[in-house]
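Step one of this worksheet: look at the structure below.
The values are calculated or read from the model by the stated rules, or taken from the named source; none is laboratory data. No experiment lies behind these values; they were computed from the predicted model shown. Ideal geometry is used to build each Cβ from the backbone, glycine not excepted, and the neighbour counts take in all protein chains shown.
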Amino acid sequence: MAAYRESHRSYHTLQHLGECLALFSQAIDLAANPGAVELALWFHDAVYAPRSGDNERRSAEWAVHELEAAGVSSEVRQRVFDLILATCHNAVPADPDAQLLVDIDLAILGTPPHRFAEYDRQVREEYRWVPGFLYRIKRKQVLNAFQARAEIFSTPYFRARFEASARVNLRGAINAA
């Protein structure tokens with residue numbers, strides 16, 4: 001909890017974690033291994049340093065360390081590690097639990113316009129050290145990558161709930177960048 005309260009965070013905070021956990025509680029029946037998915041949600045952004053490229057790996061390693069100290073089996077530790085790495089968003093996961101986890105993490109893209117705008121401001125704040133022109137270029141690349149996907153969400157549940165509004169939000173943010 002303390003990690004999600006770090007002063008350099010604006011989006012990757014307890015608000016984001018709470019939103020993810022609330023979505024998970026609504027979709028828990030979609031998980032093959034709900035315990036592992038929930039643990040991965042708790043840890044998926046535990047380490048967040050905007051200037052670092054290995055936040056997910058470090059978060060996953062932290063989870064494994066804590067789970068090992070708690071006596072959790074190596075199988076579950078590895079499962080949680082792999083699930084957290086899926087939140088790198090560099091590929092669409094094939095594993096159904098990873099798909100669920102990633103869809104929960106990406107659900108912010110399909111939220112109502114006022115929440116999406118708040119999210120967009122929060123992400124900009126986390127990257128306040130990046131010059132505006134460069135931030136707009138990089139942000140547009142990230143958003144375009146999601147927009148270019150045939151489907152942003154992997155699970156039918158999240159696709160039905162968020163796909164259309166995510167496309168609208170992304171188009172607006174891309175045009176504004």
Quick check: anything in the stretch 75-91 over 22 Å from ALA46 (Cα atoms) and either under 16 Å from the mean Cα position of the chain (by Cα) or at pLDDT below 95 (or both)? no
Only one of GLY18, GLY35 that is surrounded by fewer than 13 Cβ atoms within 10 Å (Cβ to Cβ), under 16 Å from the mean Cα position of the chain (by Cα), assigned to a helix (DSSP H, G or I) and of a type outside the set (Ser, Thr, Tyr): GLY18
Tell me, which residue of the stretch 49-63 that is among the charged types (D, E, K, R) and assigned to a loop (DSSP other than H, G, I, E, B) is surrounded by the most Cβ atoms within 10 Å (Cβ to Cβ)? ASP54
Among residues belonging to the stretch 119-139 that are charged (D, E, K, R) and buried (at least 16 other Cβ atoms within 10 Å of the Cβ), point out the one that is farthest from GLN15 (Cα to Cα). ARG139
Could you give every pair whose Cβ atoms fall below 6 Å, whose first residue belongs to the stretch 65-90 and is in contact (Cβ under 8 Å) with a residue 24 or more places away in the chain and of a type in the set (S, T, N, Q), and whose second residue is buried (at least 21 other Cβ atoms within 10 Å of the Cβ) and part of a helix (DSSP H, G or I), counting only separations of at least 6 or pairs across chains? THR87/GLU56
The one condition in (1) under 14 Å from the mean Cα position of the chain (by Cα); (2) under 21 Å from HIS8 (Cα atoms); (3) β-branched (Val, Ile, Thr) that VAL102 fails to fulfil: (2)
Selection from the stretch 66-101 of residues farther than 18 Å from ASP54 by Cα, of a type in the set (S, T, N, Q) and not in a loop (DSSP other than H, G, I, E, B) yields SER74, GLN99
Considering only the stretch 106-121, I want to know if a residue exists there that is within 24 Å of ALA86 (Cβ to Cβ), among the β-branched types (Val, Ile, Thr) and without any contact (Cβ under 8 Å) to a residue 12 or more places away in the chain. no
Filter result for ASN144 (farther than 30 Å from VAL64 by Cα and in contact (Cβ under 8 Å) with a residue 60 or more places away in the chain): no
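Suppose we filter the stretch 140-155 for residues that are of a type in the set (S, T, N, Q) and either within 22 Å of SER7 (Cβ to Cβ) or surrounded by 16 or more Cβ atoms within 10 Å (Cβ to Cβ) (or both); how many remain?
Selection size over the stretch 140-155: 3.
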